[in-house]
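The values are calculated or read from the model by the stated rules, or taken from the named source; none is laboratory data. Predicted, not measured: the structure shown is a model, and the values here were computed from it. Using ideal geometry, Cβ is built from the backbone for each residue, glycine included, and neighbour counts are taken over all protein chains shown.
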Amino acid sequence: MKILTILAAGAAIALTFPAFAQGHDTAHGNMMKNTAGAPIAIEAPWARASIGKNGAAYATLTNNGSRPDRLVAIKSPVAARVEIHTHIKEGDIMRMRQVKGGIAVAPGKSVAMKPGSYHIMLMGLNSKLESGGKFPVTFVFEKAGEINAMVDIGKAGAMGPAGGMGPAGMPSMPDGHSGGHSGGHSGGHSGGHQGGQKH
């Protein structure tokens, strides 16, 4: 009787396990499919190691959908305020400005957030951005909604996600986001962005 009971239990487990495995695989497959089929792809999100109270992060936004969309906000727990910024040239001076209305991303097109152009401004960092670390960011789109991403932190002054360097193999100047942008931002972004510094 004891042997028969053990055999019956083993058979029940054997019949149950394939169904569980199949269900788990199906759920995992759906999760992967939904991720791969997201209308907006956040590619190579990265940031520079910070020096001061502010920081900057970047990514490439690719619209894989059939209708236009717009990045309207960005959220992250690493900073008190997170805004979308860009640079504009006023005469011979490059000034940084918050982007009003977000960033449009057309179907089948990509928009690069990079030094000297669109970027994620992290103001009032809760902790220093250390090279080699990561932090979470949520991109909020008008139609696609919220898309989460993990940002890789590179070296201060890096020009790309792989820690690219400036001209002639020299590190680029650390951006003002890392050290002294608190004054420029509070003063309407008009201070301290002169010259060729890129953010």
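Listed here are the strands (runs of 3 or more DSSP E) enclosed by region 52-149 that have at least 2 residues being of a type in the set (Val, Ile, Thr) and free of Cβ contacts under 8 Å to residues at least 40 places away in the same chain: 79-90.
Could you tell me whether Lys100 is loosely packed, with under 14 Cβ neighbours inside 10 Å, under 24 Å from Gly145 (Cβ atoms) and either aromatic (Phe, Trp, Tyr) or at pLDDT below 95 (or both)? So Lys100 passes the test.
When Met121 is tested against (1) under 17 Å from the mean Cα position of the chain (by Cα); (2) over 16 Å from Pro45 (Cα atoms), just one condition goes unmet, and that condition is (2). When Ser131 is tested against (1) crowded, with 17+ Cβ neighbours inside 10 Å; (2) over 14 Å from the mean Cα position of the chain (by Cα), only condition (1) is not met.
Checked against (1) farther than 28 Å from Lys155 by Cα; (2) modelled with pLDDT of 90 or more; (3) in a loop (DSSP other than H, G, I, E, B), Ala38 meets all criteria but (2).
With respect to the conditions (1) more than 18 Å from Thr62 (Cα to Cα); (2) in contact with a Leu (Cβ under 8 Å, 6 or more places away or on another chain); (3) of a type outside the set (Ser, Thr, Tyr), Phe139 lacks only one, and its number is (1).
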